[in-house]
Amino acid sequence: MPDEIPFSYAPASQASSEVSSWKILSVEDDANYRSSLALALETVEVEGRPIQLLCAKSAFEAAKLIPEHPDIGVILLDVVMESDHAGLSLVRTIREVIGNSLVRIVLLTGQPGMAPRLDVMKEYDIDDYLNKSDLTHDHLSAIITANIRSWDRSSQLERAKQGLQIITEASRTVSQARDVKAFAQEVLGHLARLLGAERGDIVCVQYATDNVESATVLVASGKYEAYAQSTLDQLPGCALKTAIQDSLSSHCNVFDQGCAVMNFSREDSANDRYLAALKTTRPLSAQEVNLLEVFCENMSTCLTNLKLSNQLHFLAYRDPELDLPNRNHFLRTLSHVLRSRHKNKHLLVIELGEFNEIGFHLGDQFALQLLAGVANVIRQTVTGIDECARIDRSSFALLTEEHSCCTQVADALKRPVQIDGGVYRVVTYAVCLPTQAFEGESSAQLLSIAEIAIEQARENRTDLLEVSEMEQTPILQRYHLLTRLRRALDNGELTIFLQPKVHLESGTLAGFEALVRWPQPDGTFIPPDQFIPLAERGGLISELDLQVLQATLAAVVRVKSEGIEVPISFNTSAMNLFRTEHFEAMVNMITSSGVDPRLLELELTESEAATEYTQISCELRQLLDMGLGVSIDDFGTGYSSLAHITNLAATVLKIDQSFVAGIGESTDAYHIIELILRLTDHFEFNVVAEGIESETQRQLLQRLGCHLGQGYLFAPPLPMDAAIKWAHAHQS
Ligand code: G
Ligand code: G
Ligand code: MN
């Protein structure tokens, strides 16, 4: 529903003046049929715009074309081409490997009366079908129109969503900036991303209301980069300078063709004011202007908050958005209680569900109002409480004497919440712990136990989870595992195993992958899939990955001293690369080790958090420039599809084990691997197949042109000495 989006999107005709065409792709191996299709589409118009027909003669040709034309709206797909399965395999490739979930797929069936089964349409995410013999102009036109309209609508929504996501993210990172300059630097990056560029021609200007002539460029990027710290006067005369001057005299935002000037200062703010101005080579669309206005509004709020937090020391203990005590304050109160004789209290933590989603769809402001509504319900239900604190973006904590208060709050939140604009139903999760049962834990520990329990409550959709049976809850087990992992990291107990990567033809050594192992006193190992996700959630993943890197560097040195010179790869959770501190620590560690960077490769593994890989392109490029290899793990699953990585700085793709496992069994898996290999060739990636377990798999992969692999067929991950022995026996 468009009305629910916090800004309206403009119809395409308004967005730009020229009449562009809709792109449709026909995938069809029958030349006659292709030309009759072209003829039939010649006169079709949708919303006054003509159709541009692209053609592919095979599934492979199509798979190559689609990533190059992300604006294809509809694909007319013949089912039977190179093989009986070519059409359906291509659908999976489009959705999973190329990662295009928006394009509408219309299946063309050969025989009259042969509709594809409903379950097939659903499984393969196919939108419609058309009988080849039934190609009347009217029928075709109706199907094309309906599908183009629905694609147009969903891609506009998608763009709006991505824009809002960037804005939400911007508010988050910008709020962390400690001074105005860091703030402005963040703004540059976010603005560029909002307009879909890596870097933009952007300036941030600081001025004083009573002395506009004093305006100076605070930070700048793109072709204005050289003017950082200059006065505005020194900027050469250009359309952007004129637009900035317009804005300075009118105090308004200016959007004129390719120029946008956004004034971040509020009417009531102090004499210091800030604006950002950018210039694009093309006219801004109505939708972009809308987004920029929302961005400006948000940044103004952030700027106000930044100034406030700089000025007011007590903000350290107060949540400025809801004007409630914050996490720090609550921790102080909690440790007070734990140390006093009145420890017989109940800790209640409450989370508002889907807070981020509400923010994306209905705006941060609305989400915040709902949150405030929830806080009001809590405070009205529980009287005489010490405090109700906002301990995280979407959660509250409080302490009560009476256990019955906890159930009362949970019950009260089942009723709609009243906020300014009306009443709304909310989903909340709550956790209640008797503080007495957790003697010996610190306040921070107790609060993290409650927060891990909240995750449990969210998973099970429990509105009130009672945590009392200490030893038995999986929550506590996870918590204790996390504590042990912390200790294992402190004591340097983690080690690595090395799994060989081989040349498939000869079976000789091509490299190693370092895989973390956590040894236990009884000689067993806790497998990484049990503690990596925990480390990611528990804030230990950066430390863990750095220790593994340190061990990998040592392994390179050791292996080299044995006369073996092959690269060793180390895994890094994608979420780590989003953190500057981690990235810098990683680069420092590599540089100061003196190890030849060409003997190192970073394997980027999918994190729990959904990530926008393009945001880390810069970091990956820097590693490549240093000489490291960069490889994308588990390709074809989750977020690592072509849509996310074609523009990414990487050298290697690792085909996920699940595809390799299916290769001998399903034609589908075979075709997908074939397509991945031909596509990666096209995009110049090297490919390593993971999880090769049988000779058949190895031969099929080789036949498809895959040269490198890894798996139990050759060797499992091995301890250092065994790996060196293996290497000597399999040297090229
Ligand atoms: O070995 P295996 O069970 O060894 O590994 C399971 C998963 O854990 C793999 O997906 C692998 O990518 C991941 N993994 C292994 N070692 C590390 C590491 O050092 N850091 C990170 N982030 N992930 C790792
Ligand atoms: O996701 P990543 O590629 O980093 O993980 C490698 C994982 O695959 C590790 O858990 C490793 O132990 C495991 N592994 C390596 N070779 C094989 C294999 O041939 N078969 C299976 N099932 N797992 C494998
Ligand atoms: Mn890996």
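The values are calculated or read from the model by the stated rules, or taken from the named source; none is laboratory data. Bear in mind that the values here come from a model prediction, so they are computed numbers and not experimental data. Cβ placement follows ideal geometry from the backbone for every residue including glycine, while neighbour counts extend to all protein chains displayed.
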| remark: Restricting attention to segment 684-698, the residues that are more than 15 Å from ligand 3 (Cβ to nearest atom) and either within 16 Å of residue 672 (Cβ to Cβ) or of a type in the set (D, E, K, R) (or both) number exactly 6
| said: Cβ-Cβ under 9 Å, sequence separation 6+ or interchain: first residue in segment 47-58 and on the phi > 0 side of the Ramachandran plot and buried (at least 18 other Cβ atoms within 10 Å of the Cβ), partner assigned to a loop (DSSP other than H, G, I, E, B) and among the acidic types (Asp, Glu). Which pairs? | reply: none
| Residue check, residue 590 away from ligand 3 (no atom under 16 Å from the Cβ), part of a helix (DSSP H, G or I) and either among the β-branched types (Val, Ile, Thr) or crowded, with 17+ Cβ neighbours inside 10 Å (or both) | yes
| task | Could you list, in sequence order, all residues of segment 61-94 that are in contact with an Asp or Glu (Cβ under 8 Å, 6 or more places away or on another chain) and over 17 Å from residue 24 (Cα atoms)? | result | 81, 82, 85, 88, 89, 92
| field | Residue ID - modelled with the lowest pLDDT, chosen from residues in segment 618-640 that are among the acidic types (Asp, Glu) and within 16 Å of ligand 1 (Cβ to nearest atom) | value | 634
| message | Looking only at segment 540-597, how many residues end up being among the β-branched types (Val, Ile, Thr), within 16 Å of ligand 2 (Cβ to nearest atom) and out of contact with any Gly (no Cβ under 9 Å at 6 or more places or on another chain)? | response | 4
| message | Looking only at segment 677-732, count every residue that is out of contact with any Ser or Thr (no Cβ under 8 Å at 6 or more places or on another chain) and among the aromatic types (Phe, Trp, Tyr) and tell me the total. | response | 3
| request: Only one of these is within 16 Å of ligand 2 (Cβ to nearest atom), modelled with pLDDT under 95 and buried (at least 19 other Cβ atoms within 10 Å of the Cβ): 496, 532, 454. Name it. | output: 532
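Here's the yes/no breakdown for (1) within 25 Å of the chain's Cα centre (by Cα); (2) without any contact (Cβ under 8 Å) to a residue 40 or more places away in the chain; (3) part of a strand (DSSP E or B); (4) more than 16 Å from ligand 1 (Cβ to nearest atom):
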{"position": "661", "(1), (2), (3), (4)": "no, yes, no, no"}
{"position": "668", "(1), (2), (3), (4)": "no, no, no, yes"}
{"position": "691", "(1), (2), (3), (4)": "no, yes, no, no"}
{"position": "721", "(1), (2), (3), (4)": "no, yes, no, yes"}
| task | Look through 643, 650, 609 and report the one residue that is away from ligand 2 (no atom under 14 Å from the Cβ), assigned to a loop (DSSP other than H, G, I, E, B), modelled with pLDDT under 70 and among the aliphatic types (A, V, I, L, M). | result | 609
| message | Can you pull out every residue in segment 238-294 that is assigned to a strand (DSSP E or B) and touching a residue at least 40 places away in the same chain (Cβ under 8 Å)? | response | 272, 273, 274, 275, 276, 277, 278, 279
| query | Where residues in segment 535-580 are away from ligand 3 (no atom under 16 Å from the Cβ) and under 19 Å from the mean Cα position of the chain (by Cα), which of them is modelled with the highest pLDDT? | reply | 542
| message | Just to be sure I understand, how many residues within segment 378-387 are part of a helix (DSSP H, G or I) and surrounded by fewer than 20 Cβ atoms within 10 Å (Cβ to Cβ)? | response | 3
| message | Which condition from (1) surrounded by fewer than 19 Cβ atoms within 10 Å (Cβ to Cβ); (2) under 29 Å from the mean Cα position of the chain (by Cα); (3) farther than 30 Å from residue 574 by Cβ is the one that residue 428 breaks? | response | (1)
| Residue identified as near ligand 1 (Cβ under 10 Å from one of its atoms), of a type in the set (Phe, Trp, Tyr) and either touching a residue at least 12 places away in the same chain (Cβ under 8 Å) or assigned to a strand (DSSP E or B) (or both) among 531, 512 | 531
| request: Output the number of the condition that residue 601 fails; it satisfies all remaining conditions of (1) within 16 Å of ligand 1 (Cβ to nearest atom); (2) among the charged types (D, E, K, R); (3) at pLDDT 95 or above; (4) surrounded by fewer than 16 Cβ atoms within 10 Å (Cβ to Cβ). | output: (4)
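Conditions (1) basic (Lys, Arg); (2) out of contact with any Leu (no Cβ under 8 Å at 6 or more places or on another chain); (3) loosely packed, with under 14 Cβ neighbours inside 10 Å, marked per residue:
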| residue | (1), (2), (3) |
| --- | --- |
| 147 | no, yes, no |
| 153 | yes, yes, yes |
| 156 | no, yes, no |
| 165 | no, yes, no |
| 176 | no, yes, yes |
| 203 | no, no, no |
| 249 | no, yes, yes |
| Residues satisfying the stated conditions in segment 318-336, i.e. touching a helix residue (DSSP H, G or I) at 6+ places or on another chain (Cβ under 7 Å) and closer than 21 Å to residue 465 by Cβ | 334
| message | Being touching a strand residue (DSSP E or B) at 6+ places or on another chain (Cβ under 6 Å), outside any strand (DSSP E or B) and away from ligand 3 (no atom under 16 Å from the Cβ) narrows it down to one residue among 679, 701; which is it? | response | 701
| task | Give the number of residues within segment 508-525 that are away from ligand 3 (no atom under 16 Å from the Cβ) and surrounded by 18 or more Cβ atoms within 10 Å (Cβ to Cβ). | result | 2
| query | Which residue pairs have Cβ atoms closer than 7 Å, lie 6 or more positions apart in sequence or on different chains, and pair a first residue in segment 568-580 that is closer than 27 Å to residue 718 by Cα and part of a helix (DSSP H, G or I) with a second residue that is among the polar types (S, T, N, Q) and within 12 Å of ligand 3 (Cβ to nearest atom)? | reply | 574/605
